[in-house]
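The structure appears right after this line, and notes come after that.
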């Protein structure tokens, strides 16, 4: 692994964190992804289908472009990933004065005997993208609920999102990360 660049090591770490919980993850078809799905920062998806610069959703003024050579990284004795870094570039038919966004998307094609070769399995991670519109409100979620106790019939208890962290094992890992219930995968420490 010493031949990997720092950013490739970062991608591998993110991939492994999600791949450890693959059996609990939802897999999306490439045709079901939207531009928002592939441009919101720190989004991660397992995707079924052929991923390429034209098949990934994009706006009309730009298209995805492979910016570095593909790199093959072994995961274990029978599996490996092929990582590709993609950035937007202006589309030939883009409007005059249109601006190319500064996104960075990583595609990890998973080569494994677990998956059918005719339908490739990928993991994509948007390292740099648009701000998640829900980020600002996730940590400010609070609930005011009425608890009924025998000794005090009118007690109120304020709850916040952290009070529900015990549910982290029952939701998608990326949601638990967004809610602040987990910081990283314990196995990778």
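What follows draws every value from the coordinates through simple rules; no lab data is involved. This is a predicted model, so every value here is computed, not measured. Neighbour counts run over all protein chains shown; Cβ positions are idealised from the backbone, glycine included.
Quick notes on this one:
- FRET efficiency, 1/(1 + (r/R0)^6) with R0 25 Å, evaluated for residue 41 and residue 159 via beta carbons: 0.35
- Point-to-point label distance, residue 82-residue 118, nm (Cα→Cβ direction, 7 Å offset): 1.9
- Counted over all Cα-Cα pairs of the stretch 6-131, pairs farther apart than 18 Å make up 52 percent.
- Working from label points 7 Å from Cα in the Cα-to-Cβ sense, the residue 96 to residue 32 distance is 4.3 nm.
- Cβ crowding within 10 Å ranks 170, 46 as 170, 46, fewest other Cβ atoms first.
- Going from the fewest other Cβ atoms within 10 Å to the most, the residues 112, 165 appear in the order 165, 112.
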